[in-house]
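Undergrad: Got a structure for you, written out below as structure tokens; questions coming shortly.
The values are calculated or read from the model by the stated rules, or taken from the named source; none is laboratory data. Since we're looking at a predicted model, the values are computed, not measured. Every residue, glycine as well, gets a Cβ built from its backbone with ideal geometry; the counts of neighbours run over all protein chains shown. The protein model used for the area step is the full one, side chains on, heavy atoms only, and it has no ligands, DNA or RNA in it. Shrake-Rupley method; radii C 1.70, N 1.55, O 1.52, S 1.80 Å.
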Amino acid sequence: FSQRLIALAARSVIRMIGFSLRYRIHGSENLERARATSPSGRTACAFWHGHQFPAVYHWRRKNQVVLSSLSRDGTLQTLILSGLGYHCVRGSSSRGAIRGLIGVIRAMKEGRDSLFAVDGPQGPYHEVKPGVLFVAVKTGTLIVPTGIAIRKAKIFEKAWDRYIFPWPFTKVVLLFGEGIEVPPGTRPESLDRMAVELGADLERLTTEAESLL
């Protein structure tokens with residue numbers, strides 16, 4: 001099968017299962033407050049890789065920009081996401097990083113919010129990469145850490161991100177934390193510290209989201 005046919009099939013699965021999911025949104029006031037107080041008026045929602053299925057369906061056609069890797073898998077991902085209304089920019093932490101992040105920054109300055117699976121594209125598992133912090137510095141955007149939990153799902157244990165595929169009609173919780181500002185001119189060593197703190201926030205919010213199930 002060609003990648004376009006595979007992408008078409010994947011989008012159909014995402015739409016069918018996504019439509020059946022029972023979403024519960026918590027902390028939406030944090031997201032709205034971040035958008036209202038962000039110098040740019042935009043937000044960058046950050047979550048763990050492996051939780052992207054419910055995230056992709058929830059934010060479809062909401063003027064979001066995402067970073068997609070330059071690999072063959074990234075090409076397929078771009079075909080899938082663009083068909084769901086996302087603005088995709090190619091690049092990753094390992095290849096084309098600066099070009100990709102500049103593309104995200106440009107898209108956000110044009111008025112889009114962004115989504116970041118912050119430990120991608122190849123891990124390490126639950127280790128925040130600096131891309132989202134770099135974008136926040138350059139755009140004046142607040143980062144909103146987002147915990148995601150799924151009640152019933154297939155977990156692909158052998159995948160580096162332990163990808164979670166939700167079963168139809170299951171319950172999903174999205175929990176938005178408080179917005180994080182990264183001041184202009186923040187030094188690299190401070191960004192490293194903030195990456196660790198963001199990771200701790202995501203672990204806590206994910207645990208809280210699981211308890212809300």
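Undergrad: For segment 114-213, what is the convex hull volume of its Cα atoms per residue in Å³?
TA: 98
Undergrad: Would you rank Asp201, Asp192, Asp161 by solvent-accessible area, highest first, keeping every protein chain in place and using a 1.4 Å probe?
TA: Asp192, Asp201, Asp161
Undergrad: Considering only protein heavy atoms and a 1.4 Å probe, what is the carbon-and-sulfur percentage of the accessible area of segment 149-213?
TA: 57
Undergrad: Also, I was wondering about something else. Solvent-accessible area per residue for the chain at a 1.4 Å probe radius, Å²? Write out the running numbers ahead of the final one.
TA: Details: 10570 Å² over 213 residues.
Accessible area per residue: 50 Å².
Undergrad: Consider all pairwise Cα distances in the chain and report the whole-number % of them above 20 Å.
TA: 56
Undergrad: Still on this model: Given H placed 1.01 Å from N in the peptide plane, which residues other than close sequence neighbours of Gln64 have an amide H under 5 Å from its amide H?
TA: Under 5 Å from the amide H of Gln64: His87.
Undergrad: Also, quick follow-up: If you place +1 on the Cβ of every Lys and Arg and -1 on the Cβ of every Asp and Glu, how big does the dipole about the Cα centre of the chain come out, in debye to the nearest 20?
TA: In total the dipole reaches around 980 debye.
Undergrad: Over segment 3-73, one equal point on each Cα, no solvent: what is log10 I(q)/I(0) by the Debye formula at q = 0.16, 0.23 Å⁻¹?
TA: -0.76, -1.27
Undergrad: While we're looking at this one, here's another question. Would you list Lys109, Lys129, Lys152 from the most to the least accessible area, probe 1.4 Å?
TA: From most accessible down to least: Lys109, Lys152, Lys129.
Undergrad: Using the Karplus curve 6.51 cos²θ - 1.76 cosθ + 1.60 with θ = phi - 60°, what ³J(HN,Hα) values do you get for each residue of segment 58-71, in whole Hz, with x for Gly and Pro?
TA: Karplus-based 3J(HN,Hα) across segment 58-71 equals 4, 9, 4, 6, 10, 6, 9, 10, 10, 9, 10, 5, 8, 6 Hz.
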